[in-house]
Amino acid sequence: MPEKLLHIYKKLYTSFGPQHWWPGDTPFEVAVGAILTQNTNWGNVEKAIENLKKNRLFRPSALHELSHNRLAELIRPAGYFNIKAKRLKNFIDLLMREYQGSMNRMKKEDFSSVRKKLLSVNGIGPETADSIILYALEKPVFVIDAYTKRVLSRHNILDHDVSYEAFQEFFHATLKENVGLFNEYHALVVKLAKEYCRTKPVCTGCPLEGM
């Protein structure tokens, strides 16, 4: 099974090449994107972030002082804007309270402690927390999402209904602990799921066809 997991990675990388994910100019932008991308596509997230930038509000201190209603209005393109404004506010409250608004300070904290704090934030679950930890803080944790579960279950590696933690532990136990590898592997799985391993799969031409 470890060999199969590595084989999948090599096939996807050969087919798709590097994905340069997560898009974002700064760790803060990556973290905000991870929260806003819940239940929407990345294009909508980009529009929401651009609204914040155009209004010169895209920094922790400014968003911390911004009213909920104004924030919700600006991030409207991301969908579920009232819910996401609350979640984003909750995250920024943590960032300001625990790290004086600095993602660099957050990055310096050990993995288990920062993950525990992120998971304590209302509206941030394991997938979002791990996305922030991997892509913004550059700590080696494998992000599990619906795409990962779909691809692995269809290739009889793990049952789809296995827990988030079990999927994650499988990757951690099988692959070398490496930020670059975890980053690229997850991004490649997302690419595969969007182009081929859809809800209704398109198997013809899939890089993993025949596996």
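The values are calculated or read from the model by the stated rules, or taken from the named source; none is laboratory data. Since the structure is predicted, the reported quantities are computational estimates derived from the model, not experimental observations. Virtual Cβ from ideal backbone geometry, glycine too; neighbours counted across all protein chains shown.
How about region 80-124: which helices (runs of 4 or more DSSP H) wholly inside it have at least 2 residues that are out of contact with any helix residue (DSSP H, G or I) (no Cβ under 6 Å at 6 or more places or on another chain) and more than 20 Å from His68 (Cα to Cα)?
Values: elements: 81-99, 103-108, 111-119.
Where helices (runs of 4 or more DSSP H) fall fully within region 80-124 and carry at least 2 residues being out of contact with any helix residue (DSSP H, G or I) (no Cβ under 6 Å at 6 or more places or on another chain) and more than 20 Å from His68 (Cα to Cα), they are 103-108, 111-119.
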Selection status of Arg87, surrounded by fewer than 20 Cβ atoms within 10 Å (Cβ to Cβ), touching a residue at least 40 places away in the same chain (Cβ under 8 Å) and either assigned by TED's automatic domain parsing to the domain that holds Asn41 or farther than 20 Å from Lys191 by Cα (or both):
yes
From the option list Ala72, Ala129, single residue qualifying as more than 19 Å from the chain's Cα centre (by Cα), without any contact (Cβ under 8 Å) to a residue 24 or more places away in the chain, under 25 Å from Asn44 (Cβ atoms) and part of a helix (DSSP H, G or I) is Ala72
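Among the residues that make up region 39-47, is at least one of them over 17 Å from Leu119 (Cα atoms) and of a type in the set (A, V, I, L, M, F, W, C)? Spell out the reasoning first.
Our first condition is that a residue be over 17 Å from Leu119 (Cα atoms); within region 39-47, this holds for 39-47.
Now drop any that are not of a type in the set (A, V, I, L, M, F, W, C), which leaves 42, 45.
Yes: region 39-47 contains one or more residues that are over 17 Å from Leu119 (Cα atoms) and of a type in the set (A, V, I, L, M, F, W, C).
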- Within the bounds of region 23-31, is there any residue that is loosely packed, with under 14 Cβ neighbours inside 10 Å and not aromatic (Phe, Trp, Tyr)? yes
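Look at Ile35 and say whether it is modelled with pLDDT of 95 or more, closer than 19 Å to Leu134 by Cβ and touching a Gly at 6+ places or on another chain (Cβ under 9 Å).
Details: modelled with pLDDT of 95 or more: yes; closer than 19 Å to Leu134 by Cβ: yes; touching a Gly at 6+ places or on another chain (Cβ under 9 Å): yes.
Considered against the rule, which asks whether it is modelled with pLDDT of 95 or more, closer than 19 Å to Leu134 by Cβ and touching a Gly at 6+ places or on another chain (Cβ under 9 Å), Ile35 comes out as yes.
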Flagged in region 1-51 as in the same structural domain as Arg105 (by TED's automatic domain parsing) and touching a Pro at 6+ places or on another chain (Cβ under 6 Å), in numbering order, are Asn44, Lys47, Ala48
Per the filter on region 145-194, residues part of a helix (DSSP H, G or I) and among the acidic types (Asp, Glu) are Glu165, Glu169, Glu184
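Among residues belonging to region 47-68 that are surrounded by fewer than 19 Cβ atoms within 10 Å (Cβ to Cβ) and in contact (Cβ under 8 Å) with a residue 12 or more places away in the chain, point out the one that is nearest to Ala146 (Cα to Cα).
First pass over region 47-68, keeping only residues surrounded by fewer than 19 Cβ atoms within 10 Å (Cβ to Cβ): 47, 50-51, 53-57, 59, 61-62, 64-65, 67-68.
The next check asks that each one be in contact (Cβ under 8 Å) with a residue 12 or more places away in the chain; those that pass are 47, 51, 55, 57, 59, 61, 64, 68.
Numbers: Lys47: 24, Asn51: 29, Asn55: 34, Leu57: 32, Arg59: 30, Ser61: 33, His64: 31, His68: 30 Å.
Going through the qualifying residues, I end up with Lys47.
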